[in-house]
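Notes to accompany the following structure.
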Amino acid sequence: MSWGNHSLWMEFVFLAYPSQSEPRILSFLGVSLVYTWVITGNVLIMVAIQTEARLHTPMYYFLGSLSGVEIGYTAVVVPHLLANILRSEKTITLLGCATQMGFFIGLGSADCFLLASMAYDRHAAICHPLQYPLIMPRMLCARLVAASVVLGLCLSFQLVAFVFSLPFCPARGIQHFYCDVPPVMCLVCAQSHRHEQSVLVAATLAVAVPFLLIAASYASIVAAVFRAHSASGRHWAFSTCSSHLAVVLLQYGCCAFMYLRPSSSYHPEQDQFVSLVYTLGTPLLNPFVYTLRNSEMKEAIAKVLARSCLPRES
């Protein structure tokens with residue numbers, strides 16, 4: 001990566017944080033509460049899947065991996081966000097900004113690829129139930145998870161290398177809570193159609209391509225469901241896929257709004273709200289969506305909580 005004349009310790013300043021003490025305290029308490037629920041809910045899912053033998057299936061393996069990735073990409077942003085709420089100087093170095101953006105975009109992209117893998121798993125389970133164990137062996141699941149993370153990080157680091165090789169204007173104020181592509185691109189002095197196209201290509205690979213794979217999987221699922229003769233079979237298929245589809249629509253809707261558009265349509269206040277939805281809202285809702293509509297997960301989490309609350313015998 002060529003940093004040109006940039007100093008690694010050059011600092012950016014975040015401008016989106018409230019300046020008055022009362023909104024700062026309320027923001028800190030609100031974000032802390034949501035972040036606590038995010039960590040707690042996703043850790044419970046991972047522990048329940050790990051400890052319950054009947055959940056050792058591809059669907060739950062992907063769900064546990066999704067929870068792990070979401071813990072990771074919120075951890076890249078939220079602790080720094082909480083610290084900035086309390087600090088008077090809300091700055092970050094060029095190297096710190098690039099690192100934060102790289103891991104945030106990379107793990108967010110891995111999230112999108114994992115959702116596509118989960119859609120493929122549901123497609124195999126519903127459209128080819130007899131061959132399902134052969135189609136989705138455990139080794140393939142592990143490879144899909146590893147490929148999702150590696151591909152997401154590779155795309156992200158290439159995008160970050162491109163963004164931070166561009167010349168920045170003297171103004172160092174980022175109209176955002178953390179380093180994300182659209183607000184940082186607003187600081188680039190050499191704006192051109194080619195630069196926007198490069199960012200759009202990376203976003204298309206990370207967002208649009210997995211979404212098209214999910215859409216194709218669900219088209220096959222819907223066709224298979226309508227061919228099913230039993231009402232119970234149709235109900236099982238829809239109940240199995242509805243939670244995943246709800247998460248997909250929320251995640252991809254926010255990501256498409258943020259990244260699949262020209263930088264000229266960037267609106268700081270509106271985009272700050274949307275970014276908080278997919279940074280905190282989606283990881284918060286995922287545990288509820290996947291557990292409240294899934295009796296197996298509810299029972300497994302109840303067992304985990306019961307074991308942790310029961311006094312241990314000495």
Legend entry - Hey, Ile135 surrounded by 14 or more Cβ atoms within 10 Å (Cβ to Cβ) and under 15 Å from Met101 (Cα atoms) or not: no
Per the filter on region 163-172, residues out of contact with any strand residue (DSSP E or B) (no Cβ under 7 Å at 6 or more places or on another chain) and surrounded by 15 or more Cβ atoms within 10 Å (Cβ to Cβ) are Val163, Phe164
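For the structure I just gave you, tell me whether Ile174 is touching a helix residue (DSSP H, G or I) at 6+ places or on another chain (Cβ under 9 Å) and over 30 Å from Tyr61 (Cα atoms).
Values: touching a helix residue (DSSP H, G or I) at 6+ places or on another chain (Cβ under 9 Å): yes; over 30 Å from Tyr61 (Cα atoms): yes.
So Ile174 passes the test.
Give the residue that is nearest to the chain's Cα centre (by Cα), with candidates limited to residues of region 216-227 that are open to solvent by 50 Å² or more (accessible area, probe 1.4 Å) and either charged (D, E, K, R) or under 9 Å from Ala119 (Cβ atoms) (or both). Walk me through it before giving the result.
As a first pass, look at region 216-227 and keep what is open to solvent by 50 Å² or more (accessible area, probe 1.4 Å): 216, 219, 222, 226-227.
In the following step, the residues that additionally are either charged (D, E, K, R) or under 9 Å from Ala119 (Cβ atoms) (or both) were identified as 216, 227.
On the way: Ala216: 21, Arg227: 34 Å.
My answer is Ala216.
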Residue count, region 144-161, condition within 16 Å of the chain's Cα centre (by Cα), farther than 13 Å from Ser65 by Cα and open to solvent by less than 40 Å² (accessible area, probe 1.4 Å), comes to 4
Log entry, pairs with first residue in region 89-110 being under 20 Å from Glu11 (Cα atoms) and of a type in the set (Lys, Arg), second being at pLDDT 90 or above and part of a strand (DSSP E or B), beta carbons closer than 6 Å, six or more apart or on different chains, reads Lys90/Phe14
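Has region 239-259 got at least one residue that is at pLDDT below 70, open to solvent by less than 50 Å² (accessible area, probe 1.4 Å) and farther than 30 Å from Leu166 by Cα? Quick ask: steps written out before the conclusion?
Of the residues in region 239-259, the ones at pLDDT below 70 are 239-240.
Narrowing the set further to residues that are open to solvent by less than 50 Å² (accessible area, probe 1.4 Å) leaves 239-240.
This time we only want the ones that are farther than 30 Å from Leu166 by Cα, so: 239-240.
Looking through region 239-259, at least one residue is at pLDDT below 70, open to solvent by less than 50 Å² (accessible area, probe 1.4 Å) and farther than 30 Å from Leu166 by Cα.
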inquiry  = Within region 23-31, does at least one residue satisfy the condition of being open to solvent by less than 40 Å² (accessible area, probe 1.4 Å), in contact (Cβ under 8 Å) with a residue 12 or more places away in the chain and within 18 Å of the chain's Cα centre (by Cα)?
reply    = yes
Checking Thr57, Thr40 in turn, the sole residue that is out of contact with any Phe, Trp or Tyr (no Cβ under 9 Å at 6 or more places or on another chain) and under 20 Å from Tyr73 (Cβ atoms) turns out to be Thr40
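The values are calculated or read from the model by the stated rules, or taken from the named source; none is laboratory data. Every value quoted in this text rests on a predicted model; they were computed, and no experiment measured them. Note that each Cβ is placed from the backbone with ideal geometry, even for glycine, and that neighbours are counted across all protein chains shown. Ligands, DNA and RNA are stripped out before the accessible areas are found, and what is left, the full protein with its side chains, is counted by its heavy atoms. Shrake-Rupley method; radii C 1.70, N 1.55, O 1.52, S 1.80 Å.
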